[in-house]
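Structure, as structure tokens:
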Amino acid sequence: MAVAGRKPKADRSQVRHRVPAVHDWVEVPNLPFDGDRPSLPVRMVRVQVDDKPPAWETRRGSWPAATRRWWETVSTMPHCRLWTSSDWQYALDTAEVHARFAEGATGATEVRIREKALGTTVDARRDLRIRYVDPPPEVPQPAVDAGVVQLDTYRDLYGG
């Protein structure tokens, strides 16, 4: 009688047999990031002068409106509070790729890959094991009246 399917591998070939994979989630309060974040720098673009290929000149350019909106959204994501300076630099480099795409250059795939690395979508954050959690509601603290005596004072008097 023939058995369908692949031949099972020997136990020794299993790299992680019987060891469960453990990956913890990073929980971030679901509040917009309002900390210290870089702004988009002055953009420098290269333009061709006099139809001569080797004669390129660098001039100041402006960021496309779509890229400015994109930066405002990306730079205020709640998990930006976890970013280091290298993460911010990667985001600024991604802004340049986004700007070139917004101006008509190819590069949609590169923008998509970089946005996934930055965690801009729910699926990307799930892959990065980042979870937004609602912050606990603020409990108002009761006002302390200067004329009120603490109950511990009376307990001490009666040996309690």
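Listed conditions (1) outside any helix (DSSP H, G or I); (2) exposed (fewer than 15 other Cβ atoms within 10 Å of the Cβ) are all met by TRP63, apart from (2).
Say we look at the stretch 111-127 and pick out the residues that are surrounded by 16 or more Cβ atoms within 10 Å (Cβ to Cβ) and outside any helix (DSSP H, G or I); which of these is farthest from the chain's Cα centre (by Cα)? Walk me through how you get there before you give the answer.
Narrowing the stretch 111-127 to residues surrounded by 16 or more Cβ atoms within 10 Å (Cβ to Cβ): 111, 114-115, 118-120, 125.
Still in the list and also outside any helix (DSSP H, G or I): 119-120.
On the way: GLY119: 5, THR120: 6 Å.
Checking each candidate, the answer is THR120.
Any read-out appearing in this document is the output of simple, stated calculations on the displayed coordinates, not a laboratory observation. Computed from a predicted model, the values in this text were never measured in an experiment. All Cβ positions, even for glycine, are placed from backbone atoms using ideal geometry, and neighbour counts span all protein chains on display.
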